[in-house]
1. Based on the Cβ-Cβ distance from Y98 to A46, what FRET efficiency comes out when R0 is 22 Å, to the nearest 0.05?
2. Which option, (i) 8.4; (ii) 9.0; (iii) 10.7, is the value of mean projected area of the Cα convex hull in nm² that was calculated from these coordinates?
3. Calculate one ³J(HN,Hα) per residue across segment 134-150 by plugging θ = phi - 60° into the Karplus curve 6.51 cos²θ - 1.76 cosθ + 1.60, and present them in order as whole Hz with x for glycine and proline.
4. Pull out the extension gain between L157 and F83, defined as 0.36 nm times the separation in residues minus the alpha carbon to alpha carbon distance; nm, one decimal.
5. Within the chain, what whole-number % of the accessible surface is contributed by carbon and sulfur, with the 1.4 Å probe and all protein chains included in the calculation?
6. Could you do me a favour and compute the accessible area per residue for segment 39-158, 1.4 Å probe, result in Å²?
7. Remind me, relative contact order of the chain in percent, using alpha carbon pairs under 8 angstrom and six or more residues apart?
8. Could you give the dipole magnitude of the chain about its Cα centre, charging the beta-carbon of Lys and Arg +1 and that of Asp and Glu -1, in debye to the nearest 20?
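The values are calculated or read from the model by the stated rules, or taken from the named source; none is laboratory data. Just so it is clear, the structure is predicted and the values come from calculations on it, not from any experiment. Cβ sites come from the backbone with ideal geometry, for glycine too, and all protein chains shown count toward neighbours. The protein model used for the area step is the full one, side chains on, heavy atoms only, and it has no ligands, DNA or RNA in it. Shrake-Rupley method; radii C 1.70, N 1.55, O 1.52, S 1.80 Å.
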Amino acid sequence: MIGTLAAQPGLADATNSHCSSGELVVFSCDTGKKTVSVCASPDLSARGGWVEYRFGPVGAPELVFPAARSHPRHVVQAGTWGFSGGGGAFMQFSKAPYAYTVYTAIGKGWGEKSGVAVLKNGKRIANLPCLGPVQSELGPDLFGRAGLDDQPDAFELP
């Protein structure tokens, strides 16, 4: 698969994510003036733990979802893709009528893509690509550890 798919999420690096010390950075990147992060509890497993989507300026996220910490099977769809010369993965957080999808992928002929896509009523209204380094542990190892089913058709790569 791709180099960003890893077995265990890393501990937070507070300098470029919304994740606090002791939380796991599942995904984080700068989109310009704002940062998107997916943070998780260190005890994330198929039976316990939580994940949160956070977006906004570092240190002052404008959106944190879900409002109450919850196991990802209650708030997330996740999937992986296989591409010629690479692959990718995503996590989608739904808060009707919106869905926020963080993704990372690499493919032969088009290179690397990562960012956050925003959908309203199933239609993409924004795609914010990552600028600079990306922290990502998205992939089958993390999804399996968290007890998430692989749903590759739940999101189309922008």
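1. The pair Y98/A46 has a calculated efficiency of 0.25.
2. Checked against the structure: label (i).
3. 10, 9, 8, 10, 4, x, x, 5, 5, 4, x, 4, 8, x, 9, 6, 7
4. Net length gain for the segment: 25.5 nm.
5. 51
6. 48
7. Relative contact order of the chain: 25 percent.
8. On the way: 13 positive and 13 negative charges, 88 e Å.
The dipole of the chain has a size of about 420 debye.
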